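Read through the structure below, which is laid out as structure tokens, and then see the notes.
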Ligand code: ITT
């Protein structure tokens, strides 16, 4: 059977790879491949608002439904930071973000954290359906593994009993915030 195509309002290739691994019945096509290659200002105050901004901008521009994922790491001892600012935490890339997180967690005893994900499927008319997911764990004192992306090597998953950096893609996708959000969305469409 032909896979249903979904336009994805994201320029994060790792997110799009995970979407394809999680919902295998769909073909996720990056917005760039459909002719949308602009920066979208993510000026919402929550994962949900940012997911809507991305999905609705691309859906309106392309005239087809679009899916966006807004996600991040929320650390209890840091008052929920970096949260919606996860990708821009240090002003650098993933390695710099992890280094800053480690520095800000130096000497912290409470290392509890969770990843959050809000996905939004939006039509060109602005109508939206959402899915939300979280996954809980602890911030490690040093990186473990090099798998996944972003903060994965610093995140010890309570569900898996190991870091997302050493987990296989299958293991991560069985418990991740992204898988939970996508499955929540799937149950509504
Ligand atoms: P798009 O907006 O283009 O989708 P982005 O990476 O800027 O890409 P976000 O604004 O949603 O997306 O920021 C998500 C950041 O949160 C991501 O860059 C990582 O730093 C972190 N993050 C989210 N999910 C993660 C995961 O599964 N593993 C590790 N880090 C993750």
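The values are calculated or read from the model by the stated rules, or taken from the named source; none is laboratory data. Quick caveat, the model's predicted, so the values are computed rather than measured. Because the Cβ atoms are built from the backbone with ideal geometry, glycine has one as well, and the counts that use them run over all protein chains shown.
When region 52-65 is limited to residues that are within 12 Å of the ligand (Cβ to nearest atom) and closer than 19 Å to residue 178 by Cβ, the one that is surrounded by the most Cβ atoms within 10 Å (Cβ to Cβ) turns out to be 55. Here is a list: 11, 20, 86. Which entry is at pLDDT 95 or above, more than 19 Å from residue 184 (Cβ to Cβ) and touching a strand residue (DSSP E or B) at 6+ places or on another chain (Cβ under 6 Å)? When all the criteria are applied, what remains is 86. Looking only at region 89-109, decide whether some residue is within 13 Å of the chain's Cα centre (by Cα), at pLDDT 95 or above, surrounded by 17 or more Cβ atoms within 10 Å (Cβ to Cβ) and within 25 Å of residue 171 (Cα to Cα). Among the residues of region 89-109, not one is within 13 Å of the chain's Cα centre (by Cα), at pLDDT 95 or above, surrounded by 17 or more Cβ atoms within 10 Å (Cβ to Cβ) and within 25 Å of residue 171 (Cα to Cα), which makes the answer no. Residue 2 passes every criterion in (1) more than 10 Å from the ligand (Cβ to nearest atom); (2) free of Cβ contacts under 8 Å to residues at least 60 places away in the same chain; (3) part of a strand (DSSP E or B) apart from (3).
Only a single item in (1) over 17 Å from the mean Cα position of the chain (by Cα); (2) part of a loop (DSSP other than H, G, I, E, B); (3) more than 22 Å from residue 46 (Cα to Cα) is not met by residue 126, and it is number (3). Residues of region 66-73 include none that is surrounded by fewer than 21 Cβ atoms within 10 Å (Cβ to Cβ) and modelled with pLDDT of 95 or more. The residue that is farthest from the ligand (Cβ to nearest atom), counting only those in region 8-20 that are under 17 Å from residue 131 (Cα atoms), touching a residue at least 40 places away in the same chain (Cβ under 8 Å) and part of a helix (DSSP H, G or I), is 19. Only residues that are under 16 Å from residue 74 (Cβ atoms) and more than 12 Å from the ligand (Cβ to nearest atom) were counted in region 141-189, giving 2.
To keep it simple, each residue is scored yes or no on (1) part of a helix (DSSP H, G or I); (2) under 22 Å from residue 180 (Cβ atoms); (3) near the ligand (Cβ under 9 Å from one of its atoms).
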| residue | (1), (2), (3) |
| --- | --- |
| 68 | no, yes, yes |
| 73 | no, yes, yes |
| 77 | yes, no, no |
| 87 | yes, yes, yes |
| 97 | yes, no, yes |
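Within region 43-51, one or more residues are within 12 Å of the ligand (Cβ to nearest atom), over 22 Å from residue 100 (Cβ atoms), in contact (Cβ under 8 Å) with a residue 60 or more places away in the chain and part of a helix (DSSP H, G or I).
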